[in-house]
1. Can you name the residue in segment 1-15 that is surrounded by 14 or more Cβ atoms within 10 Å (Cβ to Cβ) and not in a strand (DSSP E or B) and, of all such residues, is modelled with the lowest pLDDT?
2. Are any residues in segment 77-102 buried (at least 20 other Cβ atoms within 10 Å of the Cβ), in a helix (DSSP H, G or I) and either more than 13 Å from the chain's Cα centre (by Cα) or β-branched (Val, Ile, Thr) (or both), and if so, which ones?
3. Confirm whether THR70 is surrounded by fewer than 23 Cβ atoms within 10 Å (Cβ to Cβ), β-branched (Val, Ile, Thr) and over 17 Å from SER17 (Cβ atoms).
4. Which of (1) without any contact (Cβ under 8 Å) to a residue 40 or more places away in the chain; (2) touching a Ser or Thr at 6+ places or on another chain (Cβ under 6 Å); (3) not β-branched (Val, Ile, Thr) does GLN34 not meet, given it meets every other one?
5. Where residues in segment 16-75 are of a type in the set (D, E, K, R) and part of a strand (DSSP E or B), which of them is farthest from ALA91 (Cα to Cα)?
6. Restricting to segment 24-52, give me the number of residues that are out of contact with any strand residue (DSSP E or B) (no Cβ under 9 Å at 6 or more places or on another chain) and either of a type in the set (Gly, Ala, Ser) or buried (at least 17 other Cβ atoms within 10 Å of the Cβ) (or both).
Amino acid sequence: MRFSHKDKKDSRVAKQSTYAFDYPSKLDQAPKEQGAFVLLNESSDVMYVGVASANCFEKTLAALIDTIATDKVVAYRWFVTECENSAKSLAQDWISKYQPNNQNIR
């Protein structure tokens with residue numbers, strides 16, 4: 001299922017990427033805060049939803065390189081939240097909504 005831009009307006013999102021970044025070549029564009037992220041295929045379908053702790057977006061995204069979770073992934077979007085609990089809640093809601101193909105095969 002394609003990522004809905006309406007989800008960017010969720011009250012738990014403090015700020016977000018304005019567009020999708022190439023994955024994995026643009027990992028250095030990830031923020032230094034905590035939040036949730038989505039990995040997308042060429043059609044902007046959500047393939048994986050994850051959570052990053054403070055200062056760990058880049059490290060968390062890098063740890064997924066060459067795993068089944070990133071199969072067919074070409075881009076990512078990030079969403080900063082005020083706290084890690086909000087990030088986890090947001091990610092769980094998006095996993096339920098999008099049912100990403102690569103979510104449970106890591």
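The values are calculated or read from the model by the stated rules, or taken from the named source; none is laboratory data. Predicted model only: the values in this text are computed from it and were never measured. Virtual Cβ from ideal backbone geometry, glycine too; neighbours counted across all protein chains shown.
1. LYS8
2. SER86 - this is the single residue of segment 77-102 that is buried (at least 20 other Cβ atoms within 10 Å of the Cβ), in a helix (DSSP H, G or I) and either more than 13 Å from the chain's Cα centre (by Cα) or β-branched (Val, Ile, Thr) (or both).
3. Against the criterion (surrounded by fewer than 23 Cβ atoms within 10 Å (Cβ to Cβ), β-branched (Val, Ile, Thr) and over 17 Å from SER17 (Cβ atoms)), THR70 qualifies.
4. Failing condition for GLN34: (1).
5. Among them, the one singled out is ASP22.
6. Qualifying residue count for the region: 1.
Conditions tested, residue by residue: (1) at pLDDT 95 or above; (2) farther than 15 Å from LYS8 by Cα; (3) charged (D, E, K, R).
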residue: VAL38; (1), (2), (3): yes, no, no
residue: SER44; (1), (2), (3): yes, no, no
residue: ILE65; (1), (2), (3): yes, yes, no
residue: PHE79; (1), (2), (3): yes, no, no
residue: LYS88; (1), (2), (3): yes, yes, yes
